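Peer 1: Below are the structure tokens for one structure; questions will follow.
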Amino acid sequence: MRFFAFLLTASLSLAAYPSNAQEAARPHSPSAKEQPPKPKPVTLDDLFDRLSKAGSEREAEGISNLIERRFARSGSDTADLLLGRATEAFEKKEFPLAVELLDRVLALQPNWAEAWYRRATVFYQLDDPVGAMADLSRALAIEPRHFNAWTGLGHILMASDDKARALEAYRHVLTINPQQSSVKTIVDRLIPDVDGQDL
């Protein structure tokens with residue numbers, strides 16, 4: 001009833017106006033094109049942009065966690081399940097089983113940077129730095145912004161006393177995430193040792 005009473009009041013009010021005024025006062029039905037646009041989904045590029053501009057380490061940590069969650073999804077339920085099982089095996093220190101599972105993951109998803117990074121981590125635990133570096137290189141070829149892969153590469157190079165290349169790797173991390181305080185500390189310690197060397 002209120003709706004119809006409103007229409008009656010509106011029609012009586014409009015009758016007092018000339019026809020051209022009625023045209024001007026007539027409500028305009030918005031078309032589909034004039035509807036407010038839906039918010040765009042946040043992309044990985046958006047997250048990396050926010051990470052590079054984070055104002056604090058706490059903010060950067062939250063954003064990097066979101067990025068890591070994106071990294072951990074391959075788009076294949078089977079591959080994701082196998083990666084989960086490999087992670088469980090790794091946590092139980094069942095490293096050969098973790099490698100076997102990750103081999104299967106990479107057979108399904110050879111362009112999944114996170115899987116290469118995870119297998120590199122297992123290889124390093126198996127005292128195979130050469131295999132680890134090879135897998136980290138594959139991960140970074142697929143996703144050059146993989147800050148964990150750069151950090152892992154830096155650690156391996158440090159362990160082999162290649163401080164110049166380690167510093168370069170750590171600097172890549174800070175280019176992606178300038179708020180990474182632990183890496184900042186390593187860089188500050190390395191700079192005096194590497195000072196004057198050609199990187």
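Peer 1: Hey, among the residues in the range 140-183 that are open to solvent by less than 80 Å² (accessible area, probe 1.4 Å) and among the basic types (K, R), which one's farthest from A60 (Cα to Cα)?
Peer 2: K163
Peer 1: E68 versus (1) acidic (D, E); (2) under 20 Å from H146 (Cβ atoms); (3) more than 20 Å from the chain's Cα centre (by Cα): which is the lone unmet condition?
Peer 2: Single failed check for E68: (3).
Peer 1: I would also like to ask the following. Taking the range 137-174, which residues are touching a residue at least 60 places away in the same chain (Cβ under 8 Å) and not in a loop (DSSP other than H, G, I, E, B)?
Peer 2: Filtering the range 137-174 down to residues touching a residue at least 60 places away in the same chain (Cβ under 8 Å) leaves 143, 145-148.
Within the range 137-174, F147, N148 meet the criteria.
Peer 1: Find the residue count for the range 104-118, including only residues that are part of a helix (DSSP H, G or I) and open to solvent by 70 Å² or more (accessible area, probe 1.4 Å).
Peer 2: Within the range 104-118, the first condition is being part of a helix (DSSP H, G or I), and the residues that meet it are 104-108, 113-118.
Subsequent filtering for residues that are open to solvent by 70 Å² or more (accessible area, probe 1.4 Å) retains 104, 107-108.
Here the count works out to 3.
Peer 1: Say whether the condition of being open to solvent by less than 70 Å² (accessible area, probe 1.4 Å), touching an Asp or Glu at 6+ places or on another chain (Cβ under 7 Å) and in contact (Cβ under 8 Å) with a residue 24 or more places away in the chain is met by at least one residue in the range 91-102.
Peer 2: There is no residue in the range 91-102 that is open to solvent by less than 70 Å² (accessible area, probe 1.4 Å), touching an Asp or Glu at 6+ places or on another chain (Cβ under 7 Å) and in contact (Cβ under 8 Å) with a residue 24 or more places away in the chain.
Peer 1: Being at positive phi and open to solvent by 40 Å² or more (accessible area, probe 1.4 Å): is that true of D193 here? Break it down into steps so the answer makes sense when it comes.
Peer 2: On the way: at positive phi: no; open to solvent by 40 Å² or more (accessible area, probe 1.4 Å): yes.
It is false that D193 is at positive phi and open to solvent by 40 Å² or more (accessible area, probe 1.4 Å).
Peer 1: Does any residue in the range 56-81 that is within 10 Å of W112 (Cβ to Cβ) come within less than 7 Å, Cβ to Cβ, of a residue that is among the acidic types (D, E) and open to solvent by 30 Å² or more (accessible area, probe 1.4 Å) six or more places away or on a different chain, and which pairs are these?
Peer 2: These pairs meet every condition: R73/D80; S74/D80.
The values are calculated or read from the model by the stated rules, or taken from the named source; none is laboratory data. Note that this is a predicted model, so its numbers are computed, not measured. When we count neighbours, we look across all protein chains shown, and the Cβ atoms used for this are built from the backbone with ideal geometry, even at glycine. To get the accessible areas, we keep the full protein, side chains included, count just its heavy atoms, and leave off ligands, DNA and RNA. Shrake-Rupley method; radii C 1.70, N 1.55, O 1.52, S 1.80 Å.
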